[in-house]
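The values are calculated or read from the model by the stated rules, or taken from the named source; none is laboratory data. The structure displayed is predicted, hence computed values, not measured ones. Reconstructed Cβ throughout: ideal geometry from the backbone, glycine too, with neighbour counts over all protein chains shown.
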Amino acid sequence: MDGVIVDSNPYHKIAIKQFCKKYGFDLTDQQLVKNIYGRTNKEWLTHLMGQLPEVQIQAYSEEKELAYRQLFKNTITPVKGLIPFLDQLDHHHIARAIGTSAPQSNVVFTLSKTNTSQYFDIILNDTFVIHGKPHPEIYLKAARALSLPNDSCIIIEDSLSGVEAGKASGSKVIGITTTHTREELAQTDLVIDTFDDLSVAILEDLVG
């Protein structure tokens, strides 16, 4: 969802850096990429701060996410070409799901602000997994929710940990360059800049 439906990572980056600095952690961009992007809040918070009571994890998580939503609420828009692409999927009766490391509050925020809720009947948020990306759990469960084998699924990802998770699940992976360059996404099966670069015909070619 983040970095795919919306180009949200610049706002997540600001919110995370502000949050971390408040609590004494001054993270580099490289540390954000390696330890935070694509992971659940629980994973990166405990990696950063050590073991925390669940109630504290939830409080820290919502503090950071509220800051993110405040930063993004006035400028949030779908990634270019997304709505026509989703309409294509609808027209061809192609099933789809959201598999995200984000909490439900951000899912509601993103889909409502972009008017895309009607396109997604299946949504797996951070509560559906024990192991965040790069573990493939989220994509294995998403495929099961769609009643499809993973080798019939195509995952669209912006994060390196998400790409790794998608490949490990046995699915084809399309990288979108909202967060990383084409060179950084070279291990994917296809790289796009926006959804204007994608069509149902291209998806069919990918899965064979």
Here's a check for you: in segment 154-164, which residue that is modelled with pLDDT under 95 and either of a type in the set (Lys, Arg) or in contact with a Lys or Arg (Cβ under 6 Å, 6 or more places away or on another chain) (or both) is farthest from Thr77 (Cα to Cα)? Ser161
When segment 91-126 is examined, which residues are found to be of a type in the set (D, E, K, R) and within 17 Å of Gly162 (Cβ to Cβ)? Arg96, Asp126
Report yes if Lys13 is under 19 Å from the mean Cα position of the chain (by Cα) and touching a residue at least 40 places away in the same chain (Cβ under 8 Å), otherwise no. no
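Only one of Ala165, Ala143 is touching a His at 6+ places or on another chain (Cβ under 7 Å), part of a helix (DSSP H, G or I) and closer than 17 Å to Thr100 by Cβ; which?
Only one candidate passes the filter, namely Ala165.
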Just checking, which of Val173, Val163, Val207, Val191 is surrounded by fewer than 16 Cβ atoms within 10 Å (Cβ to Cβ) and in contact (Cβ under 8 Å) with a residue 12 or more places away in the chain? Val207
Output the residue which, of all residues in segment 146-158 that are part of a helix (DSSP H, G or I) and not acidic (Asp, Glu), is surrounded by the most Cβ atoms within 10 Å (Cβ to Cβ). Asn150
Checked segment 94-135 for anything of a type in the set (Gly, Ala, Ser), over 14 Å from the mean Cα position of the chain (by Cα) and outside any helix (DSSP H, G or I); matches are Ala95
Can you tell me which residue in segment 45-93 is farthest from Thr110 (Cα to Cα), limited to those that are in a helix (DSSP H, G or I) and charged (D, E, K, R)? Glu54
Within segment 176-188, restricting to residues that are under 26 Å from Ile83 (Cβ atoms) and without any contact (Cβ under 8 Å) to a residue 12 or more places away in the chain, the one that is surrounded by the fewest Cβ atoms within 10 Å (Cβ to Cβ) is Thr181
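Listed here are the residues, each with its yes/no results for (1) more than 15 Å from Glu65 (Cβ to Cβ); (2) out of contact with any Asp or Glu (no Cβ under 9 Å at 6 or more places or on another chain).
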{"site": "Ser105", "(1), (2)": "no, no"}
{"site": "Ser117", "(1), (2)": "yes, yes"}
{"site": "Phe128", "(1), (2)": "yes, no"}
{"site": "Lys133", "(1), (2)": "yes, no"}
{"site": "Glu137", "(1), (2)": "yes, yes"}
{"site": "Leu140", "(1), (2)": "yes, yes"}
For a quick check of your reading of the model, give me the residue pairs whose first member lies in segment 41-57 and is under 19 Å from Ala102 (Cβ atoms), whose second is acidic (Asp, Glu), with beta-carbon atoms closer than 7 Å and at least 6 apart or on different chains. Asn41/Asp126
So which residues in segment 21-41 are part of a helix (DSSP H, G or I), out of contact with any Ser or Thr (no Cβ under 7 Å at 6 or more places or on another chain) and surrounded by 20 or more Cβ atoms within 10 Å (Cβ to Cβ)? none
Can you spot a residue in segment 173-191 that is over 20 Å from His92 (Cβ atoms), of a type in the set (Ser, Thr, Tyr) and modelled with pLDDT under 95? yes
